[in-house]
Amino acid sequence: MPERQLHLGYMHWLNGTHWGGWRHPDAPTADAFGLEYATRALRIVEDAKFDFFFLGDTLPGDLAAEQWITTHNTGRLEPFTLASQLALNSSKIGLVVTAHPTFYEPYILARLTASLDHLSGGRAAWNVVLGASDLAARNFSLPDLGGASRYERADEFIHVIRRLWDSVEEGAYLQDKKAGRYIDDSKFHRLDWQGKHFQVAGTLPLERPPQGQLPLLYAGASERSRELTAKWADINFTGPATPEESYAFNTDVRRRAERLRGRVDPIFFLPGITPLVGDTRAEAVELYEELNALLPYDDDIVEGDQDETYWTSPEWARVAGARFALPKGVRSVRSLSERIGTDLRPLGIDGTVDADAADRFNGYGQGLLRVLTERTGRAVGNGGVRVRDLLGAAIAGNFPLVIGTAEHVANTLVAWFDQGAAEGFNISVPYLWEPLERFAGEVVPILQERGVYRTEYTSDTFRGHFGLDIPPNSFTTEREEAAAI
């Protein structure tokens, strides 16, 4: 096997990543909160030798509004509880839990993560997430902690939690029955941390996690997110749209990491993608268009559901200026027209966009045309761009989609891998179960045949899957250095 191997994670969302996916006739509608639902997905990806099973989490906000956008946010089991059950139903695959530093205390999260790492045999990892939500914050008696403060808090939080993981050195639990000594006091360390955001006195009441330091995952491409990834993360799963963008992002973060850490550490970049696999390219495109037809649109799909004053309001300016997809309430030909800078309403939803109209599109509109051609082969030049195709693309968002045969999907992943644009991918599916089964059963074997992906696990731990050594205990290192001086 070649030294460099591609890595795969699975992002487990109850309803998939496509916002119309839950309405697909084959999508499940029951038992999503039962253990068997998650373990079915777990078995599929562990049999396919995935590196990890990823439990994302978004703290509850406005669930009524979320149902029209990211439906998976309206239904999530608590990740630590679920991960502990998944640990009992698996033996090799890594388990990623998501936790927000704003809504935890370092001591509690250090204990939760260390316990999960012990109970899973060293298969746990922590996904650091820093989203801001006023409604979510109010569930914790807190204001909306957005802006720079949450990054500053997270930086201190991560430092403290890493020291807590190290607070008990190897050999601390003597359990010497003859001498009557249960522990070696000198190997238990009190932090006595007094920081800007946290005051943490103590020591964790358990051995250091089997992995020493749990791997940290992070997503985000802003300036502050790049700095956080560079300083702390082992894996980043941001989703650049092209290999060129991904390579540039990876190079930038690695340069920052060398500056911040003072050494060259491995950082693995696993962009998030959603594959749509068909027996033919045309079949896969048909599935994509079928999913787009299931998106919830405005009641008046041409004129929209907003009055005329809305289009000059600060609310529309916020939506139009965001990089995110069109939300419910502005999913119409009118909203599409406002966003691309060209009025398409005279064409109706089923009209075809000609070259004259396309030439008037702004930068956002030109981007939609490029995405549509990449995903479906539809282009203005071949007369294939319908208004409904552009609207569907504007709602489905710019989350990277790979649409085609299993061979095409595998070719795409290998191309990114060979160019150094990715060390692997965090795979999600538009809905369950067939898309996940097809990726695991059809794409993974092609990757294995090409020698870029494992056929068997060679490690029992998360760090081991990525070839990461167990870092030395910082307290042990400090004691040894002091003794040497």
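The values are calculated or read from the model by the stated rules, or taken from the named source; none is laboratory data. It should be emphasised that the depicted structure is a prediction, and the values quoted were computed from it without experimental measurement. Quick reminder, even Gly has a Cβ in these numbers, built from the backbone with ideal geometry, and neighbours come from all protein chains shown. What goes into the accessible areas is simple: the full protein's heavy atoms, side chains included, and nothing from ligands, DNA or RNA. Shrake-Rupley method; radii C 1.70, N 1.55, O 1.52, S 1.80 Å.
Could you please tell me which pairs satisfy a Cβ distance under 7 Å, a separation of 6+ or placement on different chains, a first residue in segment 78-107 that is modelled with pLDDT of 95 or more, and a second residue that is open to solvent by 60 Å² or more (accessible area, probe 1.4 Å)?
As it stands, the answer is PHE80/LEU112; SER84/LEU119; GLN85/LEU35; ALA87/LEU119; LYS92/ASP460, since those pairs meet every condition given.
Only residues that are in a helix (DSSP H, G or I) and either open to solvent by 40 Å² or more (accessible area, probe 1.4 Å) or touching a strand residue (DSSP E or B) at 6+ places or on another chain (Cβ under 6 Å) (or both): list them for segment 357-379, please.
ASP359, GLY363, TYR364, GLN366, ARG370, VAL371, THR373, GLU374, ARG375
On the given criteria, is PHE54 out of contact with any Leu (no Cβ under 7 Å at 6 or more places or on another chain), open to solvent by less than 20 Å² (accessible area, probe 1.4 Å) and either outside any helix (DSSP H, G or I) or at pLDDT 85 or above (or both)?
Yes; evaluated as a whole, the condition is true for this residue.
Which pairs have Cβ atoms under 7 Å, sit 6 or more apart or on different chains, and link a residue in segment 19-37 that is free of Cβ contacts under 8 Å to residues at least 60 places away in the same chain and closer than 14 Å to LEU82 by Cβ to one that is surrounded by fewer than 11 Cβ atoms within 10 Å (Cβ to Cβ) and charged (D, E, K, R)?
Once the first residue is free of Cβ contacts under 8 Å to residues at least 60 places away in the same chain and closer than 14 Å to LEU82 by Cβ and sits in segment 19-37, its partners that are surrounded by fewer than 11 Cβ atoms within 10 Å (Cβ to Cβ) and charged (D, E, K, R) give TYR37/ASP31.
Got at least one residue in segment 188-200 being among the β-branched types (Val, Ile, Thr) and surrounded by fewer than 16 Cβ atoms within 10 Å (Cβ to Cβ)? Before the answer, list the steps.
The first filter runs over segment 188-200 and keeps only residues among the β-branched types (Val, Ile, Thr), leaving 200.
This time we only want the ones that are surrounded by fewer than 16 Cβ atoms within 10 Å (Cβ to Cβ), so: none.
Checked segment 188-200: no residue is among the β-branched types (Val, Ile, Thr) and surrounded by fewer than 16 Cβ atoms within 10 Å (Cβ to Cβ).
Does PRO243 satisfy being in contact with a Phe, Trp or Tyr (Cβ under 6 Å, 6 or more places away or on another chain), open to solvent by 10 Å² or more (accessible area, probe 1.4 Å) and touching a residue at least 12 places away in the same chain (Cβ under 8 Å)?
yes
Could you count how many residues in segment 60-77 are buried (at least 18 other Cβ atoms within 10 Å of the Cβ) and at pLDDT 70 or above?
The number of residues fulfilling the criteria is 3.
Going by the conditions given, is ALA201 in contact with a Phe, Trp or Tyr (Cβ under 9 Å, 6 or more places away or on another chain) and over 20 Å from ALA99 (Cβ atoms)? Working first, answer last.
Details: in contact with a Phe, Trp or Tyr (Cβ under 9 Å, 6 or more places away or on another chain): yes; over 20 Å from ALA99 (Cβ atoms): yes.
So ALA201 passes the test.
Looking at LEU228, is it open to solvent by less than 30 Å² (accessible area, probe 1.4 Å) and either in a helix (DSSP H, G or I) or at positive phi (or both)?
In short, yes.
Specify which of the listed residues (GLY20, GLY9) is within 15 Å of the chain's Cα centre (by Cα), at pLDDT 85 or above and open to solvent by less than 30 Å² (accessible area, probe 1.4 Å).
Answer to the selection: GLY9.
Considering only segment 268-284, state which residues are outside any strand (DSSP E or B) and at pLDDT 95 or above.
Passing the criteria: LEU270, GLY278, ASP279, THR280, ARG281, ALA282, GLU283, ALA284.
Those residues that are surrounded by fewer than 16 Cβ atoms within 10 Å (Cβ to Cβ) and not in a loop (DSSP other than H, G, I, E, B), I need them from segment 412-433; list them, please.
ALA415, ASP418
Need at least 3 residues that are within 26 Å of ARG479 (Cα to Cα) per element, so show me which helices (runs of 4 or more DSSP H) inside segment 103-210 make the cut, counting only ones lying wholly within it. Step through it out loud before you land on a result.
Numbers: elements: 106-119, 134-138, 148-165.
Because the criterion is at least 3 residues that are within 26 Å of ARG479 (Cα to Cα), the helices (runs of 4 or more DSSP H) in segment 103-210 that meet it are 106-119, 148-165.
Scanning for something in a helix (DSSP H, G or I), touching an Asp or Glu at 6+ places or on another chain (Cβ under 9 Å), among the hydrophobic types (A, V, I, L, M, F, W, C) and at pLDDT 95 or above, does segment 231-251 turn up at least one residue?
Yes - at least one qualifying residue is present in segment 231-251.
Kindly indicate the residue of segment 145-187 that is under 17 Å from LEU228 (Cα atoms) and among the aromatic types (Phe, Trp, Tyr) and also most open to solvent (accessible area, probe 1.4 Å) among those meeting that condition.
TYR151
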